[in-house]
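Below you will find the structure I want to go over with you.
The values are calculated or read from the model by the stated rules, or taken from the named source; none is laboratory data. The structure presented is a predicted model; accordingly, all values stated were derived computationally and were not measured. Glycine gets a Cβ as well: all are built from the backbone with ideal geometry, and neighbour counts include every protein chain shown. Note: accessible area is taken over every heavy atom of the protein model, side chains too, but ligands, DNA and RNA are not part of it. Shrake-Rupley method; radii C 1.70, N 1.55, O 1.52, S 1.80 Å.
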Amino acid sequence: MKNIGERVKEIIQSLPSHVTLEAAAKTRTASEAREAVDAGVKIIGHNYIQQAQTMKESPELAGCDVRWHLIGHLQRNKARDAVEIFDMIESLDSVKLARALDKRCQEMGKTMTALIEINSAKEEAKSGVMPEDAEPLIREAAELENLRIEGLMTMGPFSDDPEDIRPYFRLTRELFDNISRLSIPNVEMKYLSMGMSDSYLVAIEEGANIVRLGTTIFGPRPK
Ligand SMILES: *Cc1c(COP(=O)(O)O)cnc(C)c1O
């Protein structure tokens, strides 16, 4: 079986040059993440503040040249921690959260970059904004001085067949293009984060330029 480093190198070689590999590192150890970084991973994504903090402060990753992204739902009362730990929030999904992040950034003298998470399949139990609410949210967030919106993220519905997810990636891509065309001041539509281990090839076909891979890099998650 290949090790993490070999898998990362293989994936990076196989990706089109405009696509960035993000390692989705929930439940992984710091040394596993370090292997991925040594092999070329430039972004580590985490779902939970605590796991990100522990990993970021570990001796294995201290001082590593890697960017930290939040890819899980963020509660407003954790905005301060999030601003401290992350370089990007990929899961911004409400004006209230945007305001909370802006306030904490102001206090800490930081600017936070963020992607708007789209609930592309309009699933009730999923986080993210409904596609039609993305533009109003972006317009409001664009008014905040310490926040910069740089694109969209989506998960899509769960399915074993990536073709089932393709329409939701496509919808998110169309939304991305439509919002780009509006040229909203203070908004720069650069990143489209879509696709996980089972679906990233389809996501890239539909325009993703960040793919978030966990099991393809690290192997099956321990139960
Ligand atoms: C876990 C996770 C991933 C990666 O999932 P895999 O199927 O292990 O590649 C990507 N994005 C988010 C938001 C995740 O929670």
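Please say if segment 167-223 is rounded, prolate or oblate, where rounded means a/c under 1.5 for a ≥ b ≥ c the square roots of the C-alpha gyration tensor eigenvalues, and otherwise the choice is prolate for a/b larger than b/c and oblate otherwise?
In terms of gyration-tensor shape, prolate.
Sticking with this structure for a sec: Could you tell me whether the chain comes out rounded, prolate or oblate from its Cα gyration tensor? Rule is a ≥ b ≥ c as square roots of the eigenvalues, rounded for a/c under 1.5, then prolate if a/b exceeds b/c, otherwise oblate.
Numbers: a/c = 1.75, a/b = 1.18, b/c = 1.49.
Since a/c reaches 1.5 but b/c is at least a/b, the shape of the chain is classed as oblate.
Same structure again: Please label the shape of segment 101-181 as rounded, prolate or oblate, based on the square roots a ≥ b ≥ c of the eigenvalues of the alpha-carbon gyration tensor (a/c under 1.5 means rounded; beyond that, a/b larger than b/c means prolate, else oblate). Kindly include the intermediate steps, with their values, before the conclusion.
Numbers: a/c = 2.62, a/b = 2.02, b/c = 1.30.
Prolate, since a/c reaches 1.5 and a/b exceeds b/c.
With a 10 Å cut-off between alpha carbons and a GNM built on the chain, which of Leu152, Leu115, Leu171 moves the most?
So, out of Leu152, Leu115, Leu171, the one fluctuating most is Leu171.
Tell me, what is the per residue accessible area of the chain in Å², probe radius 1.4 Å? The partial results should precede the final answer.
Working: 10990 Å² over 223 residues.
Counting only protein heavy atoms, the per-residue value for the chain is 49 Å².
Give a residue-ordered list of calculated ³J(HN,Hα) values for segment 49-56 (Karplus: 6.51 cos²θ - 1.76 cosθ + 1.60, θ = phi - 60°; whole Hz; x for Gly, Pro).
3, 4, 5, 5, 4, 4, 5, 4
Now a separate question. Between their Cα atoms, which of Lys42/Lys110; Lys103/Lys126; Lys9/Lys96; Lys9/Lys122; Lys56/Lys126; Lys2/Lys78 are more than 30 Å away from each other? Before the final figure, lay out the partial values.
Values: Lys42/Lys110 21 Å; Lys103/Lys126 26 Å; Lys9/Lys96 40 Å; Lys9/Lys122 35 Å; Lys56/Lys126 27 Å; Lys2/Lys78 38 Å.
As for pairs spanning more than 30 Å Cα to Cα, those are Lys9/Lys96; Lys9/Lys122; Lys2/Lys78.
Follow-up. Using the Cα centre of the chain as the reference point, and only Cβ charges (+1 on K/R, -1 on D/E), how large is the resulting charge dipole? Debye, rounded to the nearest 20.
Working: 29 positive and 36 negative charges, 109 e Å.
Dipole magnitude for the chain comes out near 520 debye.
Turning to a different aspect of this structure: Most mobile of Met155, Met88, Met108 per a Gaussian network model of the chain (Cα springs, under 10 Å)?
Among Met155, Met88, Met108, the largest mean-square fluctuation in the Gaussian network model of the chain belongs to Met108.
A further question on this structure: Would you calculate, for the chain, the mean residue ellipticity at 222 nm contributed by helices, counting each DSSP H stretch of 4 or more residues as -39,500 (n - 2.57) and dividing by all residues, to the nearest 500?
Values: 9 runs with 87 residues, N = 223.
Here the helix-only value at 222 nm equals -11500 deg cm²/dmol.
Which whole-number percent is the relative contact order of segment 87-214 (Cα, under 8 Å, 6+ apart)?
Reported as a whole number, the value is 22 percent.
Compute the distance from the alpha-carbon center of segment 30-99 to that of segment 160-198, in whole Å.
When both Cα centres are located, 21 Å separates them.
Over segment 25-101, what is the mean sequence separation of C-alpha contacts under 8 Å (at least six apart), divided by residue count, expressed as relative contact order in percent? Don't skip to the end; give the middle numbers.
Values: 99 pairs, mean separation 21.7, N = 77.
Computed value for segment 25-101: 28 percent relative contact order.
Under a GNM of the chain (C-alpha, springs under 10 Å), which listed residue has the highest mean-square fluctuation: Glu90, Glu107, Glu174?
Glu107
Keeping the other protein chains in place, figure out the carbon and sulfur percent of the accessible area of the chain, with a 1.4 Å probe.
47 percent
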